[in-house]
Amino acid sequence: MTVVNGIQLPDDLVASLLDFSKYPLPIATGSVYDPALITLRQRLNRKQAKLYTQGPNDIVIPVREIVNTDGQFKVTKRNLLTETKVKEWIGDTYEPEPNDPARFRGALATKPDATCRFIFLISDCALAPLELTRDALLRILAYHQVMPNYIDFLLVYGAQEEDHELRYSGFRTRTTLSNPHAGHVVPGLQRSGCQYEMCFNLKAVSRKEENPKDPFAPRWRIEQSAIYHRFDLKTGTALWIIGDPRESVKGMIGDVLPEGSLPRNFRFGTVAEAFISSLHTHLLLAQWASDEWRSHIQSLEATIEKLTRPALLIDTRHEWAPRVQPRAMTYVHENEEKVNETVMVIKSSVKILTSLGSFYQTLVNDPDFPNTHVDVCETATQVTRAEALLQITNGRKAIIIQQLQIQSAYQQEMLSNNMMGFSERGQKETIMMHIITIITLLYLAPTFVSTFFSTDVIKYQDDGEDKVHFSNSAMYSFLYVTLPLATVTVVLAVGYYRFEIRRIEKASALKRGEAGV
């Protein structure tokens, strides 16, 4: 046992605080360097490039505490913006001597834990890194001796794809009611070692800004909060560490526990009151995780109804009847995936809330214990509704596929009939062209000969000598006029042919667009 500034620190805790950067390996547990701890550290190291911010000046760690000041409990808040501020906040004054770096002065811990402490690990979104450095996070986790399993829940942040991490869900607990480990017994820090710990994640849904250019764009986002909670059963101190992208949980806790006087429904005068207050916090988190699911499912219902309604009203006998566009199939499939995702997320929340209720029912047997069954049933009702919506979506999707097939067959029939009409008319025109061509060929040679001999190129003189006169100038004049006219005629013919081809192609494309092919 090491005594520093009146606070006795167990040797295991001192070793853990000195090597905080190696967390969770030096944590004060019964088995140091357990293989499971090594595996957790390896996973933490693999994720370090994306999990933390790299700039020491980019740290933002919101903290909200309930402290006892002269017998009055008050709510205080602060933002830790540097690693130095983190050390000052936990009371770590341990540093090397200025003149002799081999010697150290100060203490590793000088301040007792707050009655209730909330630490928020925030980020811009689930894909962004947490707004704290690696050393700041590991120092906080080591100082509070957070159970190592919490690392798994933090690793969902800084992910490459947010949707994949939504599938992770878990609930871990560690309870010590008697014979606590020596490293956890620190009376000077208000830690008796008789405590329970838990870490779990909850998922909520929140509304996004609508995109007027894309009415079917996603209007909702799913948020995931990684929660760690510890409660000391003898001193009544409580610790909450909450991974909170977009600061939604922080805002809710701030509304319930504003800075200043403590609200009446939160009391910490006794261990029992502090325990009940921790249960109130659980209920707040459960409410946060279930608030907007009803609106989200209503939005999905309205979107799917809008997409699939034409499939129920289609009538191929009338041209004015609504048509199902092929791209509607893509939208329906995307919303079907969203419904599947909603069912998965709500079911995971139901399991976690059920596990949470079972844990407390096992921990205590008190008739006045708050029952979380109502909240679980409310969330379970949303699961049933989402599953019903999934069945409706699948049915409407099958109807759309059937109607698209009918429309395609109908349009193919119409195109086939049009092609038959074109073919018959083309055959008649071909016969007429053959006749005209034959007649033209019969008259072409005589016409050319008679035309040519009627010019002044060749003259027959009937003066009794029967002479033939050939004129070179007349021949040149004939060619000068005939060849340009022939060229203009060919150009006009080719231009008219191309014009007709383009007109036919545009008409065909327009018909295909109207048919939805």
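The values are calculated or read from the model by the stated rules, or taken from the named source; none is laboratory data. None of these values were measured; they are calculated from a predicted model. Cβ: placed from backbone, ideal geometry, glycine included. Neighbour counts: every protein chain shown. The area values use the complete protein model at the heavy-atom level, side chains included, leaving out ligands, DNA and RNA. Shrake-Rupley method; radii C 1.70, N 1.55, O 1.52, S 1.80 Å.
Would it be correct to say that Tyr496 is open to solvent by 90 Å² or more (accessible area, probe 1.4 Å), over 30 Å from Met419 (Cα atoms) and either of a type in the set (Asp, Glu) or without any contact (Cβ under 8 Å) to a residue 40 or more places away in the chain (or both)?
Details: open to solvent by 90 Å² or more (accessible area, probe 1.4 Å): yes; over 30 Å from Met419 (Cα atoms): no; either of a type in the set (Asp, Glu) or without any contact (Cβ under 8 Å) to a residue 40 or more places away in the chain (or both): yes.
In short, no.
When you check Glu301 against the structure, is it open to solvent by 60 Å² or more (accessible area, probe 1.4 Å) and modelled with pLDDT under 90, yes or no? Don't jump to the end; show me each part of the working.
Working: open to solvent by 60 Å² or more (accessible area, probe 1.4 Å): yes; modelled with pLDDT under 90: yes.
Yes: the conditions hold for Glu301.
Can you name every residue in segment 246-265 that is surrounded by 13 or more Cβ atoms within 10 Å (Cβ to Cβ) and either more than 24 Å from Asp124 (Cβ to Cβ) or among the hydrophobic types (A, V, I, L, M, F, W, C) (or both)?
Val249, Met252, Ile253, Val256, Leu257, Pro258, Leu262, Pro263
Here are Ala142, Ala114, Ala128: which of them is part of a loop (DSSP other than H, G, I, E, B), more than 28 Å from the chain's Cα centre (by Cα) and of a type in the set (Gly, Ala, Ser)? So that I can check it myself, show each step before the final result.
Details: Ala142 fails: part of a loop (DSSP other than H, G, I, E, B); Ala128 fails: more than 28 Å from the chain's Cα centre (by Cα).
Result of the check over Ala142, Ala114, Ala128: Ala114.
Quick check: is even one residue across segment 334-351 modelled with pLDDT of 75 or more, open to solvent by 10 Å² or more (accessible area, probe 1.4 Å), closer than 30 Å to Ala238 by Cβ and touching a Leu at 6+ places or on another chain (Cβ under 8 Å)?
No - not one qualifying residue is present in segment 334-351.
Identify the residue in segment 86-127 that is modelled with pLDDT of 90 or more and among the acidic types (Asp, Glu) and, among all such residues, is most open to solvent (accessible area, probe 1.4 Å).
Glu88
Any residue at all in segment 427-436 that is among the polar types (S, T, N, Q), open to solvent by 90 Å² or more (accessible area, probe 1.4 Å) and at pLDDT 75 or above?
Yes - at least one qualifying residue is present in segment 427-436.
Kindly provide the set of residues from segment 1-26 that are of a type outside the set (Phe, Trp, Tyr), under 22 Å from Thr176 (Cβ atoms) and modelled with pLDDT of 80 or more, ordered by number.
Listed by number, the residues that qualify are Gln8, Leu9, Pro10, Asp11, Asp12, Leu13, Val14, Ala15, Ser16, Leu17, Pro24, Leu25.
I want to confirm something. Restricting to segment 128-168 and keeping residues that are among the aromatic types (Phe, Trp, Tyr) and open to solvent by less than 10 Å² (accessible area, probe 1.4 Å), which single residue is modelled with the lowest pLDDT?
Within segment 128-168, the match that is modelled with the lowest pLDDT is Tyr157.
Hey, among Asn79, Asn57, which residue is modelled with pLDDT of 90 or more, among the polar types (S, T, N, Q) and either out of contact with any helix residue (DSSP H, G or I) (no Cβ under 7 Å at 6 or more places or on another chain) or part of a strand (DSSP E or B) (or both)?
Asn79
Which residues, counting only those in segment 266-298, are outside any helix (DSSP H, G or I), closer than 21 Å to Asp255 by Cβ and either open to solvent by 30 Å² or more (accessible area, probe 1.4 Å) or at pLDDT below 75 (or both)?
Arg267, Asp291, Glu292
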